[in-house]
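Step one of this worksheet: look at the structure below.
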Amino acid sequence: MGSSPQLGLPAPDFTLPGGLLTGEDFERRDYGLAAARGRAVVLAFYPGDNTAVCTKQLCSYSSGMEAFGALDAEVWGISPQGVDSHESFARAHGLRMPLLADAGRETARAYGVAAPGIGVCRAIFLIGPDGVLRWKHVALLGATYQSLDTLTEQLSGIKGA
């Protein structure tokens, strides 16, 4: 793993292909961090589609989209799998957040979470509306994840700052 971006500094910008399940459609497009300025963004790096812990994690976040929306925040899931895999994953579990494909792991490397073997570490980065990294958690072991309550509490702090 490389070094992770520092709190209080601009988050590394990136643009990745991805898609969002809306009703019956999976809308594919590119997602760029710079284009999200003005809203908080939760970057949820996860090792893989359709794995037990990743599925629980993203289902938890998907079921809390109203809470994130109330805090004017977007949630983006990022993993090394391709957009076709993400579409299948989103459809199978009704996931309501964009899933981004970091196939070459360039973004994971920029955030210091690329890992041999598993591809990426489970990690969360909260980016403020100004593009500055406000909070992060990188898991040493990938068996647990940050809860919806923890993330909304941290986002509330960003909104109040």
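Just a few scattered comments:
- If you sort the three axes of the alpha carbon gyration tensor as a ≥ b ≥ c, you get a/c of 1.5 or more for segment 78-161 and a/b above b/c, which makes it prolate.
- Solvent-free Debye scattering, log10 I(q)/I(0), computed from the Cα coordinates of segment 1-123 at q = 0.12, 0.17, 0.19 Å⁻¹: -0.40, -0.84, -1.07
- Most mobile listed residue (143, 67, 114) in the chain, GNM with C-alpha springs under 10 Å: 143
- Accessible carbon and sulfur surface of the chain relative to its total accessible area, %, 1.4 Å: 54 percent
- Counted over segment 1-101, the DSSP beta bridges are approximately 55% antiparallel.
- Kirkwood hydrodynamic radius of segment 58-117, from inverse mean 1/r over distinct Cα pairs, in Å: 12.5 Å
- For the chain, accessible area per residue (1.4 Å probe, heavy atoms of protein chains only), Å²: 45 Å²
- In this simple spin-label approximation, residue 130 and residue 63 carry label points 7 Å from Cα along the Cα→Cβ vector, and these lie 3.6 nm apart.
- Gaussian network model of the chain, Cα within-10 Å springs - most flexible of 18, 77, 64: 64
- Cα-based shape type of segment 1-55, given that a ≥ b ≥ c are square roots of the gyration tensor eigenvalues and the cut on a/c is 1.5: oblate
- Bridge type composition, segment 41-161 - antiparallel percent by DSSP, nearest 5: 60 percent
- In the chain, the calculated helix contribution to ellipticity at 222 nm averages -8500 deg cm²/dmol per residue, counting -39,500 (n - 2.57) for every DSSP H run with n ≥ 4.
- Cα-projected label distance for residue 156 with residue 50, points at 7 Å along beta-carbon direction, nm: 3.8 nm
The values are calculated or read from the model by the stated rules, or taken from the named source; none is laboratory data. Owing to the predicted nature of the structure, the values given are computational and were not obtained by experimental measurement. When we count neighbours, we look across all protein chains shown, and the Cβ atoms used for this are built from the backbone with ideal geometry, even at glycine. Side chains are part of the model used for accessible areas, which takes the heavy atoms of the whole protein and leaves out ligands, DNA and RNA. Shrake-Rupley method; radii C 1.70, N 1.55, O 1.52, S 1.80 Å.
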